[in-house]
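Only one structure is covered here, and it is reproduced in the block below.
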Amino acid sequence: MNSFVIAAMLLVLLGLAYQTGWSRSRAVAQSSGQRLHSRPIYHGVWVALWVVIPAALIMGLWALFGPGVADQFARSQIPAEIAAGLEPGQIVNAVSRIKAIASGFGIIGEPQPFEAEAARALSQFQLYGFLIVILAAAIIGIGALLYARGRIVPGLRARNQVERVITLLLLACSGVAILTTVGIVASLLVEAIRFFTFINPLDFFFGTVWNPRFSTTGTGAEGDYGLIPLLWGTIMVATIAMLFAVPVGLMAAIYLSQYAHPRVRNVVKPLIEILAGIPTIVYGFFALVTVGPFLSGLGATVGLDIRATSAATAGLVMGIMIIPFISSLSDDILRQVPQSLRDGSLGLGATQSETIRRVILPAALPGIVGAFLLAVSRAIGETMIVVLAAGNSPVLRFNPFEPTSTVTVTIVNQLTGDSDFAGPQSLVAFALGLTLFVLTLILNVAALTIVRRFREQYD
Amino acid sequence: MSATETQASPVHQTVRTPDPNAHPARLKADAVSVFYGEKQALFDVSIDLPEKSVSAFIGPSGCGKSTFLRCINRMNDTIEGARVAGKITLDDHNLYDQSLDVVELRARIGMVFQKPNPFPKSIFENVAYGPKIHGLARSKADLEEIVITSLQKAGLFEEVKDRLHQPGTGLSGGQQQRLCIARAIAVGPEVILMDEPCSALDPIATAIIEELIDELRSNYTIIIVTHSMQQAARVSQKTAFFHLGKLIEEGPTEEIFTNPREKRTQDYITGRIG
Amino acid sequence: MSDMSQSAALDRRERVRNGLSRRHRGEAIFRGIGIAAIAIALALVGTLFWQVLSKGLPAFTQATLHLDVTFDEDVITAGPAPLRSDYASAAQYEAAFLDWRRALAGINWAALIEQAVRAEMPELDAEASDIRRLVDNNAGLTLRQMYQDDPALLNQTLNVALLGSADTDNWLKGTIDRSLPDARQQLSAVTRAIADRFAADGVISMDFAWHIFTNTDSRTAPASAGLAGAFVGSLYMMLVVVVLAVPIGVASAIYLEEFAPKNRFTDLIEVNINNLAAVPSIVFGLLGAAVFINYFRLPISAPIVGGLVLTLMTLPTIIIATRSSLRQVSPSLRQAALGLGASRTQMVFHHVLPLTLPGILTATIIGVAQALGETAPLLLIGMNAFVANIPGTPLDQSSALPVQIYLWQGNENRNFFEARTSAAILVLLGLMITLNAIAIFLRTRLERNK
């Protein structure tokens, strides 16, 4: 209801303002006989901006601070003699009960008289607050409209000003990406530092035992939070994935870019890229029901004890996921090696494979290394495959056929179903997240720099 | 080789008139046509290319001269959809014979390209590449000797002898092109094909390359495609004029430039078509 | 000298020739490895799809009983439905109607099913519990709903299609090993015998399981568990992504490509966006948990939060793809527009942007498809909670398609849910393929009109 009123009001104001600007500018032009600097459309938009920006600003402020003000008001409505007898936590609880009653959602149990009283006051306060804000927005909007209308003259550079606002808006949008990174870094750092007030960072980064005993209270610092077993599991799974994906992906890219007939290429390349579009949860399921049992059966026939969920299963399936990633990145890079180098080598009598191995691959090496680093970054950040297929056993083991656990799996385990972040059990997820973020950041930046240099070399 | 050493800079050279028939022709083309898919790019070209002399192919761009050049060491094989009809023979062996090995052929007929294309390796490795893949050197010392000799023949050794292990891509354009010539020489070919080898170079570098071509003539059969009639006149003993995929006229360079039989050749030479 | 060079040339030719067969063998091997790599990759695509299809397709049909159910008044003791005319006020009628519904809920509807089964097999000697295990737990609910909608059914006999239980389905499809001893079977020997007999008689048939698309998840009645809730949850999230990520992403791409000065700051944005595109998705989940849920106190398990997290995650993808399509617009067009006196903004919005529309569309769909399949970040913001309702708004608790797959694969009734999970995967993949097909179709249309 509220949002509908606001939207309707804004729309009406907007239409009114646009119309005013449009017709006023034409009238001004006609009466003065001068040519308008900007077309009437821009005058319309110009006036509309004048109206909407202050009105939206007021309502934005209300949306941002209104709840806080209402909170304060609700708190002030609790009679002093009752408030004195309540713990801080109970007051917070009472405030939320009052707000719930006021909003009409209802609460568990009968409301106490003071609660009902406060809720009535609160709802009235909120209604008045809302009306005042709407009124203020409307008055300011109309005031701005009249002001802007008065400023319309033929020489007004309406278009330039409108365009400046548009540019600012575009700039603000590209700020979102920056804000995201800032948000990631800030939230990971803040929560990780809270975690380190429970656990010594040295114990975390160099501990070799992972055993965060879950206490029902969710607090208390008992348990071991050693990162090493998780990091080792991550490295092991990623290594297996790369060992499988690099030869297959790279050779596929070489074949497709250097040997395959264009018609074959046009069919096979999209087929392989299908693998890239499959959600990772599907790979996880594939690992669980197909690859795991297959590997374990294979192990049984050769007398090897391979567990169905193990580092090998997860690594292998992750490798499948990474194949298209490596092959399409490598393909791009191989195709950037100039044809003239190929001709030069072939012209000397080299066979195609000699040309590829001795000229094209060395020339493309930096770019391919960059692609590999991006793939590694992807492998260590991958979650669902390892959640389902790695066996979730955070013990320092060196046998890839045994279950293992990774940083990402542990983040999911520690944080799922818990949003209070009170104890180290859930906060550790952020310390792990920070580790993961820093690791991938280093890999990504290195890879992106290498690939960029490579591209510039052949541009 | 010693005969040409005393010659003045080719820039000031006038057209020389050695008789191209002084050398027998081991390389012959007979009714060669080339198709790219449906399109025919070359029509029934027949020509004899004399040994140990320079033959130049001239003509406006798109006339088929480069296409024909690439037929001679079968570089057209690498182009999708290209098809060659007719016969090119070296010592009476058809280059398009099923039993012929392209790898072996290209070791005998080397090629230098329009744009200098040194590999992103050291100068030494660039020249050593061919001998290495073909297994021409018996030992490391042998390989070194081949590399040095080739660089010397290409007139580059003095300039690069102190930096043999630095990347070949760091050289100037003219040096790069001479490096590519050294790279082709190192395999020990009998024929060297040059596809507009100077089109990416400045006049001074061009002059040096032209001088080099003249020197190489005593040991190699050289076929050069060029845009520049002056260049053809300066370096070649035999010239062939191509137009619209057809070989219009061929003969001793001097005759072509002074007394062409065909009107189209004359039009091209005098700048009326091109 | 001539002789020497002659012999050197012959020696060289000899050496080249000697190496040829070895080199050609190397060539063949290298080429073979390339073909093998392609074959492995294609075989993997094939295996994956074959696995999912072969496991998932059977789940779209389910054992369904077609029984002649009599709405017996001895069992349905709730009496006739209250009539509006019998009551003075609407409120009184409401209260009476509610009482009647409560009475209906207390009736043992399973008894009707038991009677119908016994009527079908008069010679049957079985406990009520044996018969009850035959049908899904929601079957009683189905009868109740039928009766509630039409109380005139009392004492009538009707052929009703009732969903068999998950265990019945397993037994008849053979997804449980039929040779296992009684102790390890999910159904008693009697129930199995009834199921076999009914299957032979055609009382049980394998019907298309529409409820996969219309029902929500269910814990008590696994056979009738469906994807509707998760589907709507995903739909809301994609709406949020399209509404937020596309305008913001396109706007930032336009700014960076067309307006931004080339300096340190824009370089930083560039590196930042490229890096964000490669940040693990789970880190975005941590961001959502810490910022949206813990700091802004947005509701847990809600599609709005999931949508916001996925928006931030897909933003770099959309920015990068849009920028590359902006870059493909030829500079001559820009110069022509500027030369005619258009401002930079006009040039971008009137001339460049329309040309990049297909590119933006593709970018959008790539982004949405990526977001649609993402699971890990959603687990961290509580979307793996069990939700039995279809969410009415993006603020309600909900699941999502990939999360539903995650939940189903973890169900203890493996035999049944392996197929059900594969079916859910097929639905998800089907959606993604449809999205991509639409993208390709629209792009070719737009490009042709250009």
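The values are calculated or read from the model by the stated rules, or taken from the named source; none is laboratory data. The structure displayed is predicted, hence computed values, not measured ones. For neighbour counting, all protein chains shown are included, and Cβ atoms are generated from backbone atoms with ideal geometry for every residue, glycine included.
State all residues of the range B:70-102 that are touching a Lys or Arg at 6+ places or on another chain (Cβ under 8 Å), at the interface with chain A (Cβ under 9 Å from one of its Cβ atoms) and without any contact (Cβ under 8 Å) to a residue 12 or more places away in the chain; if no residue qualifies, say none.
B:THR78
Taking the options C:GLY367, C:GLY359, C:GLY392, C:GLY341, name whichever one is in a loop (DSSP other than H, G, I, E, B) and either within 27 Å of C:THR214 (Cβ to Cβ) or within 33 Å of the chain's Cα centre (by Cα) (or both).
The conditions single out C:GLY392.
Would the range A:337-345 turn up any residue that is away from chain B (no Cβ under 14 Å) and at negative phi?
no
Among the residues of the range C:66-78, is there at least one that is away from chain A (no Cβ under 14 Å), acidic (Asp, Glu), in contact (Cβ under 8 Å) with a residue 60 or more places away in the chain and touching a Leu at 6+ places or on another chain (Cβ under 6 Å)?
Yes, the range C:66-78 contains at least one residue that is away from chain A (no Cβ under 14 Å), acidic (Asp, Glu), in contact (Cβ under 8 Å) with a residue 60 or more places away in the chain and touching a Leu at 6+ places or on another chain (Cβ under 6 Å).
Which of the residues spanning the range A:10-24 are of a type in the set (Val, Ile, Thr) and more than 38 Å from the chain's Cα centre (by Cα)?
Result: A:THR20, single match.
Tally up the residues in the range C:218-248 that are in contact with a Gly (Cβ under 6 Å, 6 or more places away or on another chain) and either farther than 19 Å from C:THR364 by Cα or surrounded by fewer than 23 Cβ atoms within 10 Å (Cβ to Cβ) (or both), please.
Total meeting the criteria: 1.
Given the structure, is C:PRO354 in a loop (DSSP other than H, G, I, E, B), at pLDDT 85 or above and away from chain A (no Cβ under 14 Å)?
Against the criterion (in a loop (DSSP other than H, G, I, E, B), at pLDDT 85 or above and away from chain A (no Cβ under 14 Å)), C:PRO354 does not qualify.
Picking from A:LEU36, A:LEU49, A:LEU57, A:LEU10, which residue would you name as being in contact (Cβ under 8 Å) with a residue 24 or more places away in the chain and farther than 22 Å from C:THR345 by Cα?
Only one candidate passes the filter, namely A:LEU10.
Which helices (runs of 4 or more DSSP H) does the range A:353-459 wholly contain that include 3 or more residues that are touching a Phe, Trp or Tyr at 6+ places or on another chain (Cβ under 8 Å) and not acidic (Asp, Glu)?
Where helices (runs of 4 or more DSSP H) fall fully within the range A:353-459 and carry at least 3 residues being touching a Phe, Trp or Tyr at 6+ places or on another chain (Cβ under 8 Å) and not acidic (Asp, Glu), they are A:361-381, A:384-389, A:424-458.
If a residue has to be surrounded by 12 or more Cβ atoms within 10 Å (Cβ to Cβ) and not in a helix (DSSP H, G or I) to count, how many in the range B:139-169 make the cut?
8
Which residues, counting only those in the range B:188-208, are under 12 Å from the mean Cα position of the chain (by Cα) and outside any strand (DSSP E or B)?
Hits for the range B:188-208 are B:PRO189, B:GLU190, B:GLU196, B:PRO197, B:CYS198.
Here are some conditions: (1) surrounded by fewer than 24 Cβ atoms within 10 Å (Cβ to Cβ); (2) at positive phi; (3) not β-branched (Val, Ile, Thr). B:SER199 meets all but one. Which one does it not meet?
(2)
Quick check on the range C:281-309: of everything there that is crowded, with 23+ Cβ neighbours inside 10 Å and either charged (D, E, K, R) or assigned to a loop (DSSP other than H, G, I, E, B) (or both), which residue is farthest from the other protein chains (Cβ to nearest Cβ)?
Filtering first and then ranking leaves C:ALA302.
Output the number of the condition that A:ILE281 fails; it satisfies all remaining conditions of (1) facing chain C (nearest Cβ under 10 Å); (2) within 16 Å of C:GLY34 (Cβ to Cβ); (3) touching a helix residue (DSSP H, G or I) at 6+ places or on another chain (Cβ under 6 Å).
In the conditions (1) facing chain C (nearest Cβ under 10 Å); (2) within 16 Å of C:GLY34 (Cβ to Cβ); (3) touching a helix residue (DSSP H, G or I) at 6+ places or on another chain (Cβ under 6 Å), A:ILE281 misses (2) alone.
For the range A:279-311, which residues satisfy the criterion of being assigned to a loop (DSSP other than H, G, I, E, B) and either hydroxyl-bearing (Ser, Thr, Tyr) or not assigned by TED's automatic domain parsing to the domain that holds A:MET384 (or both)?
Correct list: A:THR309, A:SER310.
Which condition number in (1) more than 7 Å from every other protein chain (Cβ to nearest Cβ); (2) crowded, with 24+ Cβ neighbours inside 10 Å; (3) closer than 26 Å to A:THR313 by Cα is the one that A:SER377 fails?
Looking at each condition in turn, A:SER377 falls short on (1).
Under 8 Å between Cβ atoms, which residue pairs at least 6 apart in sequence (or on different chains) link something in the range B:115-126 that is more than 18 Å from B:ASP162 (Cβ to Cβ) with a partner that is among the acidic types (Asp, Glu) and outside any loop (DSSP other than H, G, I, E, B)?
Listed by first residue and then by second, the contacts come to B:ASN117/A:ASP343; B:PHE119/B:GLU125.
Between a first residue in the range A:170-197 that is more than 25 Å from C:ALA260 (Cβ to Cβ) and a second residue that is of a type in the set (Gly, Ala, Ser), which pairs have beta carbons less than 6 Å apart while being 6 or more apart in sequence or on different chains?
A:SER187/C:ALA290; A:LEU188/A:GLY433; A:GLU191/C:ALA290; A:ALA192/A:ALA431; A:PHE195/A:ALA431
Here is a check on your reading of the model: is C:ALA8 of a type outside the set (Phe, Trp, Tyr), surrounded by 13 or more Cβ atoms within 10 Å (Cβ to Cβ), more than 30 Å from C:ILE194 (Cα to Cα) and away from chain A (no Cβ under 14 Å)?
Here the answer is no, as C:ALA8 does not meet what is asked.
Are there helices (runs of 4 or more DSSP H) fully within the range C:163-280 with at least 3 residues that are in contact with a Ser or Thr (Cβ under 7 Å, 6 or more places away or on another chain), within 14 Å of chain A (Cβ to nearest Cβ) and free of Cβ contacts under 8 Å to residues at least 24 places away in the same chain? List them.
The qualifying helices (runs of 4 or more DSSP H) are C:264-278.
Looking at (1) modelled with pLDDT of 80 or more; (2) over 24 Å from A:GLY141 (Cα atoms); (3) surrounded by fewer than 15 Cβ atoms within 10 Å (Cβ to Cβ), find the lone condition where A:HIS37 falls short.
The one condition A:HIS37 does not meet is (3).
Go through A:ILE152, A:ILE166 for me and flag whichever is within 21 Å of A:LEU13 (Cβ to Cβ) and within 8 Å of chain C (Cβ to nearest Cβ).
Going through A:ILE152, A:ILE166 in turn, the sole match is A:ILE166.
Restricting attention to the range B:26-80, and to residues there that are touching a strand residue (DSSP E or B) at 6+ places or on another chain (Cβ under 7 Å) and of a type in the set (Lys, Arg), which single residue is modelled with the lowest pLDDT?
Here the residue is B:ARG26.
Among (1) in contact with a helix residue (DSSP H, G or I) (Cβ under 9 Å, 6 or more places away or on another chain); (2) away from chain A (no Cβ under 11 Å), which single condition is C:PHE349 missing?
(2)
Out of curiosity, is A:LEU329 within 12 Å of another protein chain (Cβ to nearest Cβ), crowded, with 24+ Cβ neighbours inside 10 Å, aliphatic (A, V, I, L, M) and assigned to a helix (DSSP H, G or I)?
No.
Of everything in the range A:157-185, what is in contact with a Phe, Trp or Tyr (Cβ under 8 Å, 6 or more places away or on another chain) and surrounded by fewer than 19 Cβ atoms within 10 Å (Cβ to Cβ)? Give them in sequence order.
A:GLN161, A:THR167, A:LEU171, A:VAL185
Which count do you get for residues in the range C:395-426 that are part of a helix (DSSP H, G or I) and touching a helix residue (DSSP H, G or I) at 6+ places or on another chain (Cβ under 7 Å)?
Of the residues in that region, 20 qualify.
In the range B:134-148, which residues are in contact (Cβ under 8 Å) with a residue 24 or more places away in the chain and closer than 20 Å to B:GLU104 by Cβ?
B:HIS134, B:LEU136, B:ILE146
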